[in-house]
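Structure, as structure tokens:
The values are calculated or read from the model by the stated rules, or taken from the named source; none is laboratory data. From a predicted model like this one, the values you see are computed outputs, not experimental measurements. All Cβ positions, even for glycine, are placed from backbone atoms using ideal geometry, and neighbour counts span all protein chains on display.
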Amino acid sequence: MTVANLTSPAFDLVKLTRPNILSLEPYRCARDDYKVGILLDANENAYGPSIYSGNVSSADSNAIIASDIIAGLHRYPDPHQEDVKQLLCNLRNAPTKDDPSVAPLTPDNLYVGVGSDECVDTIIRCFAAPGREKMLTCPPTYGMYAVAAQVNDVEVVTVNLDLETPGFPVRVDAIMDTLTNDPSIHLVYLCSPGNPTASLVDPASLKKILEHPTWNGIVVVDEAYIDFSPTGSSLAPWVTKYDNLLVMQTLSKAFGMAGIRLGVTFGSPSVARILNNVKAPYNISSLTSELGLKALSPAGVALMNKNIAAILVQRQRLLDELPMIPGVGNFIGGNDSNFLLVQILDKPDGVPSSAIALKLYTTLAEEKGVVIRFRGKEPGCPGALRITIGTEQEVTVLLEKVKETLAAIYNA
Ligand SMILES: Cc1ncc(COP(=O)(O)O)c(C=O)c1O
């Protein structure tokens, strides 16, 4: 049966849609194409959420969400999420509690969002006017910064990371000069540890940008993967001394809670207040905050640390064993995250090849049940694949499948 189309003849979707939205290339992830198999593409935590160990039965899941939360679901959630914020402060204050150069973080320093992806968008909406002001990113970097910028009609100025130096350091002098010359840049997005570089930003470089003598803007440091870096690497406490710094974190990675969508931004109270003024009133659901509180409790943090320790063992295993496979080249990023960036060669002992890396990526996903991420089109990443660290068993399968698939590609 066909349904009559009663749309007004005046309706013209192309003319109606904002041009920046019409030309938007949406964020794409490997999961758009491949959803099943061993999923080592999205830098999740294969060891599970930090709210239980082992398998959850339906009886356990009732216990995980307390009955008073279920009974209260007809009420809107807490718009301020003070309890979640306090636990986040406790977590980040612990390493700096004896450091007199930073004050303790308090809930006034926080804005919480629907994943840090919402934080990225809220920050742009607050501090960069559409069609007029700009933001700066440092490729290769997380793709959502540019997507959120385009949605908001904010131009992106890029200053590539140093593509020639191992670990992809930030080119601090080039950033300083760009900011000096273009006051319409209001935001700088740095990713530490970087995605896909897995390297921490040098705190001295960040300090230099924060102390830029003439630029009026905000530096956003995305610390989504910070808990996989050495303890004490987070610069969140710096927001107590730099009003022009925002630090984003998330429960999606080390805490293994990607499904609840809980992202975090630390800032000075005056900046955090602006972000809180702009957000939707009830952006964090009661279920999300209940599960977030569990993950951030002492037991949840202990479980997170246990899972991180297991991930680091497997990271070392990949660092040791992947290079033994003929055709696997160098690791080109750092070791500060739950993924590695590795180059694939055109032949054993050859040179990096994005064509072979792409072939390996698609064959693994389509024929071998292993999904990783192709990054060979990113600046400075020829032939690169990004591989999330999985469980011991997943890493064993990955190593086997990479070896047999590469051998078949070279022999074809
Ligand atoms: C660097 C970086 N920032 C932010 C995010 C988004 O995290 P969330 O799940 O909190 O939205 C990701 C997700 O992969 C990421 O890699």
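Checking the stated criteria, Ser234 turns out not to satisfy the condition of being closer than 30 Å to Ala46 by Cα and under 14 Å from the mean Cα position of the chain (by Cα). Filtered by the rule that a residue be touching a strand residue (DSSP E or B) at 6+ places or on another chain (Cβ under 7 Å) and of a type in the set (A, V, I, L, M, F, W, C), region 4-41 gives Ala30, Ile38, Leu39, Leu40. Residue pairs whose Cβ atoms lie under 7 Å apart, sitting 6 or more positions apart in sequence or on different chains, and linking a residue in region 1-30 that is in contact (Cβ under 8 Å) with a residue 60 or more places away in the chain to a partner that is among the polar types (S, T, N, Q), are Asn20/Gln150; Leu24/Gln150.
If you go through region 132-154 and keep only what is assigned to a helix (DSSP H, G or I) and either within 13 Å of the ligand (Cβ to nearest atom) or not assigned by TED's automatic domain parsing to the domain that holds Ser268 (or both), you end up with Met144, Tyr145, Ala146, Val147, Ala148. Within region 362-376, the presence of a residue that is in contact with a helix residue (DSSP H, G or I) (Cβ under 8 Å, 6 or more places away or on another chain), in contact (Cβ under 8 Å) with a residue 60 or more places away in the chain, closer than 21 Å to Arg317 by Cα and part of a helix (DSSP H, G or I) is excluded. A search for C-beta distances below 6 Å between a residue of region 64-81 that is over 21 Å from Val114 (Cα atoms) and any residue that is part of a loop (DSSP other than H, G, I, E, B), counting only pairs 6+ apart in sequence or on different chains, returns nothing.
For region 206-216, check the following and say yes or no: at least one residue is within 30 Å of Ile311 (Cβ to Cβ) and either within 13 Å of the ligand (Cβ to nearest atom) or assigned to a helix (DSSP H, G or I) (or both). Within region 206-216 (the criterion being within 30 Å of Ile311 (Cβ to Cβ) and either within 13 Å of the ligand (Cβ to nearest atom) or assigned to a helix (DSSP H, G or I) (or both)), the answer is yes, since at least one residue qualifies.
From the list Ala129, Ala46, Ala103, the lone residue that is in the same structural domain as Val313 (by TED's automatic domain parsing) and outside any helix (DSSP H, G or I) is Ala46.
Residues are listed down the side, and each one gets a yes or a no for (1) under 29 Å from the mean Cα position of the chain (by Cα); (2) surrounded by 12 or more Cβ atoms within 10 Å (Cβ to Cβ); (3) at pLDDT 85 or above:
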{"position": "Ile38", "(1), (2), (3)": "yes, yes, yes"}
{"position": "Asn43", "(1), (2), (3)": "yes, yes, yes"}
{"position": "Tyr47", "(1), (2), (3)": "yes, yes, yes"}
{"position": "Ser50", "(1), (2), (3)": "yes, yes, yes"}
{"position": "Ser53", "(1), (2), (3)": "yes, yes, no"}
{"position": "Ser57", "(1), (2), (3)": "no, no, no"}
